[in-house]
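Here is the structure we will look at.
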Amino acid sequence: MSRHKDAVGPKAILRRIGVALISARARAIMSIGIVLGLGAVGTLAAWSDTATATSGVFTTGRLDIKVGTPAVDNDPPLFATTLANPAIFPGDTVSAGLLVTNAEGSVANTFTIGVRASNPTLGSLLSTAVHSGAPANGVCSGTPLGSVIGLVTPVGAPTNSPKPIPGVNLPLAVTGMPGSTQQLCISVTMLPTATQPATAISSTITYTITATSS
């Protein structure tokens, strides 16, 4: 009879409430643990890292060929004045110095020279030669570098194209370094075998200097 009373009495009821509370607390703690566990799995991230490598400065090279003294881009007046002959005859030669400069250039180069007379008729009666060094007493006396006969556009070349002077392929160092200039002597000769035109004809002669970086 006492057991029945214990099962339904106040003590039994309190005991059951306590067990229920403990059980509910344990379940709550377990539930929280599960939630935290799932949260930890969900927030895992892959480790990563980066590194950079920056190059040095790149700057475009510069070619700046000038001619004459003082150096100019085109048509040095002293050259035009000296390399002229108002009455040239077969066998006559006239010479002039020409300084070629790598002015403000930042890359070494080599240059070639082409030539063309504005009047093909007179140009066909002329030859030109390039020597190293300056003229001596109005004559080119340095090492011969190249020459060509007939100062006309080559057959098959575009109209008014210069005729290359074979053998002229000279270096120019960077500005300010030894070899950044080349002193040349240029001569023009009327061929000794030329037939003098019946009437006077005139022509200018253009020398085209082409530099290529090296």
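The values are calculated or read from the model by the stated rules, or taken from the named source; none is laboratory data. In this text the structure is predicted, and so the values were computed from the model without any measurement. All Cβ positions, even for glycine, are placed from backbone atoms using ideal geometry, and neighbour counts span all protein chains on display. These area figures cover heavy atoms from the full protein model, side chains too; ligands, DNA and RNA do not enter into them. Shrake-Rupley method; radii C 1.70, N 1.55, O 1.52, S 1.80 Å.
The residues of segment 196-214 that are assigned to a loop (DSSP other than H, G, I, E, B) and closer than 13 Å to residue 108 by Cα amount to a single one, 214. Of all residues in segment 87-94, at least one satisfies being in a strand (DSSP E or B) and either farther than 30 Å from residue 214 by Cα or free of Cβ contacts under 8 Å to residues at least 24 places away in the same chain (or both). When segment 148-168 is examined, which residues are found to be among the hydroxyl-bearing types (Ser, Thr, Tyr) and open to solvent by 30 Å² or more (accessible area, probe 1.4 Å)? Result: 153, 159.
Quick check on segment 125-144. Is at least one of its residues in contact with a helix residue (DSSP H, G or I) (Cβ under 8 Å, 6 or more places away or on another chain) and either open to solvent by less than 30 Å² (accessible area, probe 1.4 Å) or part of a strand (DSSP E or B) (or both)? For segment 125-144, residues in contact with a helix residue (DSSP H, G or I) (Cβ under 8 Å, 6 or more places away or on another chain) and either open to solvent by less than 30 Å² (accessible area, probe 1.4 Å) or part of a strand (DSSP E or B) (or both): absent.
Condition check: among the small types (Gly, Ala, Ser) and modelled with pLDDT under 95. Does residue 127 satisfy that?
Numbers: among the small types (Gly, Ala, Ser): yes; modelled with pLDDT under 95: no.
In short, no.
Here is the figure for segment 171-195: residues that are open to solvent by less than 80 Å² (accessible area, probe 1.4 Å) and in a loop (DSSP other than H, G, I, E, B) total 8. Pairs meeting the criteria (first residue in segment 46-59 and without any contact (Cβ under 8 Å) to a residue 60 or more places away in the chain, second residue surrounded by 10 or more Cβ atoms within 10 Å (Cβ to Cβ) and in a loop (DSSP other than H, G, I, E, B), beta carbons under 8 Å, at least 6 apart or on different chains) are 59/106. Within segment 123-142, residues that are at positive phi reach partners that are buried (at least 20 other Cβ atoms within 10 Å of the Cβ) with beta carbons closer than 7 Å, at six or more positions or on different chains, in the pairs 133/185; 138/95.
Does residue 73 satisfy being exposed (fewer than 13 other Cβ atoms within 10 Å of the Cβ) and either in contact with a helix residue (DSSP H, G or I) (Cβ under 9 Å, 6 or more places away or on another chain) or under 17 Å from residue 209 (Cα atoms) (or both)? So residue 73 passes the test.
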